[in-house]
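Read the structure below first, then the notes.
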Amino acid sequence: MAVVTLNGQLGGAAREVGQEVARKLGADYVDRLLLAEAAKRVGATISALAEKEQEHLSLANRLTRLVQTAFERSAYTGSGGDPFFGPGVDALLVHPYSEGDDDQPATSSKEVDDNRFFEVISDIMKDLAEEGNVVIMGRGSNLVLKDFPGVLHVGVVASLEFRTEITMQRDGISQDEAEKYLANEERARISFFKRHFKAHPDDPILYHMMVNPGTIGIEASANIISQAAVLTP
């Protein structure tokens, strides 16, 4: 079963490409938003996770189970006495690369141990890859899973003009606002990769292949990736 990771600059349509790849492969698509939703579910659904022996779990239950297992495995504890995560952990999951932004002022969410948090996310990615049939978006997944056999690592690139237009449409903001937002997030993304991997996220050597949805489109990008995933040994 295919396992694909996609990483790229914000606004570069990596999310749209990843979702289309998952559809074509009949695989689950997992990104930060789905993980954040799973994190919210953990405390309320622990008792329901007895169904983990089931042969087939819905994606929501599958992610909740993996989040639960990863938090337990790392003995992760947040503030406020919560045994699994404190206030702000789901916010960290939602934000693209906030934990890698050295310039971001300290907040309640920033007080969470970055390294421990990163370990949890890495464990979830590894568990997803072991189960297979999944497209994993972002968070340095290509480097977390670099030693996993049979995983296709894809870099997604696009021009600033394309990424700005996508961001303006997606978030309903002006061009100036979009450009500032993208610049801030790009600094955070680069910082994240440097901190955790001592690498630059756009180094092509870190990927098996790269696509540019801004020039060939989302559909063509997804087709190329899907075909390569099927052929990946």
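The values are calculated or read from the model by the stated rules, or taken from the named source; none is laboratory data. Bear in mind that the values here come from a model prediction, so they are computed numbers and not experimental data. FYI the Cβ positions are ideal-geometry reconstructions off the backbone, even for glycines, and counts take in every protein chain you see.
Provide a single number: the residues in segment 101-124 that are in contact with a Leu (Cβ under 6 Å, 6 or more places away or on another chain) and at pLDDT 75 or above.
Total meeting the criteria: 1.
Yes/no per residue for (1) farther than 23 Å from Leu25 by Cα; (2) surrounded by 14 or more Cβ atoms within 10 Å (Cβ to Cβ); (3) not basic (Lys, Arg):
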residue	(1), (2), (3)
Asp171	yes, no, yes
Ala183	yes, no, yes
Arg195	yes, yes, no
Asp202	yes, yes, yes
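What are the residue pairs meeting all of these: first residue in segment 183-207, first residue more than 25 Å from Thr232 (Cα to Cα), second residue in a helix (DSSP H, G or I) and of a type in the set (D, E, K, R), Cβ atoms under 8 Å, and 6 or more apart or on different chains?
Short answer, once both residue conditions are applied: Phe192/Glu99; Arg195/Asp114.
Does Asn223 count as at pLDDT 95 or above and either surrounded by fewer than 19 Cβ atoms within 10 Å (Cβ to Cβ) or farther than 30 Å from Met1 by Cα (or both)?
yes
Only helices (runs of 4 or more DSSP H) wholly contained in segment 116-233 count here; list those with 1 or more residues that are among the polar types (S, T, N, Q) and out of contact with any strand residue (DSSP E or B) (no Cβ under 9 Å at 6 or more places or on another chain).
Filter on segment 116-233 gives 160-171, 175-197, 213-216, 218-231.
Taking Ser159, is it touching a residue at least 12 places away in the same chain (Cβ under 8 Å) and touching a Ser or Thr at 6+ places or on another chain (Cβ under 7 Å)?
So Ser159 does not fit the description; no.
Just the residues that are crowded, with 21+ Cβ neighbours inside 10 Å and at negative phi, please, taken from segment 130-142.
Val134, Val135, Ile136, Met137, Ser141, Asn142
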